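Q: Take a look at the following structure, please.
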Amino acid sequence: MKLRVGDAAEIKEGEPHSFRLVRGGRYVNCFLFRLKGKLIAYENKCRHIPVSLDYDDARFFDAQRRYIVCQTHGALYEPSSGECVEGPCVGASLYPVSLDVTASGIFVESEEVL
Ligand code: FES
């Protein structure tokens with residue numbers, strides 16, 4: 001089913017938005033952000049060790065806002081592709097989350113509406 005996770009007009013460049021969905025019977029923490037106008041979402045899970053990228057503070061980017069950064073060991077991910085370009089998981093990619101952006105909101109697939 002479709003889960004509404006936000007309103008496109010509310011997602012500003014440089015202000016990531018956390019949300020969660022249900023997949024495989026489990027809650028999956030995710031985040032979305034706007035990059036050069038486009039909305040992109042990934043699971044909030046590092047590819048080195050499956051911990052969250054942030055510390056529940058929605059700080060997903062480095063100081064220059066160039067890369068998504070894992071706060072545990074500092075892996076850097078390319079925002080547009082999710083690929084790790086520096087750190088212990090180079091070459092692995094964040095798990096993308098498909099977004100359905102409509103006039104009534106941003107929607108993702110979820111096994112439950114939270
Ligand atoms: S847990 Fe993310 S880089 Fe190690």
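Bear in mind these aren't lab numbers, they're just calculated from the coordinates by the rules spelled out. Because the structure is predicted, anything quoted here is derived from the model rather than measured. Heads up, the Cβs are rebuilt from the backbone with ideal geometry, glycines too, and the neighbour counts pull from every protein chain shown.
Q: For segment 76-114, enumerate the residues that are exposed (fewer than 12 other Cβ atoms within 10 Å of the Cβ) and farther than 24 Å from residue 22 by Cβ.
A: Answer for segment 76-114, where residues must be exposed (fewer than 12 other Cβ atoms within 10 Å of the Cβ) and farther than 24 Å from residue 22 by Cβ: 80, 91, 103.
Q: In the set 29, 44, which member is surrounded by 20 or more Cβ atoms within 10 Å (Cβ to Cβ), within 16 Å of the ligand (Cβ to nearest atom) and under 23 Å from residue 90 (Cα atoms)? First the steps, then the outcome.
A: On the way: 29 fails: surrounded by 20 or more Cβ atoms within 10 Å (Cβ to Cβ).
Answer to the check: 44.
Q: Hey, another quick one. Residues 68, 40: which one is β-branched (Val, Ile, Thr) and in contact (Cβ under 8 Å) with a residue 40 or more places away in the chain?
A: Only one candidate passes the filter, namely 40.
Q: Another question, then. Looking at segment 95-114 only, could you name the residues that are assigned to a strand (DSSP E or B) and free of Cβ contacts under 8 Å to residues at least 60 places away in the same chain?
A: Once the filter is applied, which keeps residues that are assigned to a strand (DSSP E or B) and free of Cβ contacts under 8 Å to residues at least 60 places away in the same chain, segment 95-114 yields 96, 102.
Per-residue answers, yes or no, for (1) within 19 Å of residue 11 (Cβ to Cβ); (2) within 16 Å of the ligand (Cβ to nearest atom); (3) hydrophobic (A, V, I, L, M, F, W, C):
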position: 71; (1), (2), (3): no, yes, no
position: 75; (1), (2), (3): no, yes, yes
position: 80; (1), (2), (3): yes, no, no
position: 83; (1), (2), (3): no, yes, no
position: 92; (1), (2), (3): no, yes, yes
position: 108; (1), (2), (3): yes, no, yes
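Per-residue answers, yes or no, for (1) buried (at least 17 other Cβ atoms within 10 Å of the Cβ); (2) away from the ligand (no atom under 16 Å from the Cβ); (3) not polar (S, T, N, Q):
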site: 6; (1), (2), (3): yes, yes, yes
site: 12; (1), (2), (3): no, yes, yes
site: 22; (1), (2), (3): no, yes, yes
site: 49; (1), (2), (3): no, no, yes
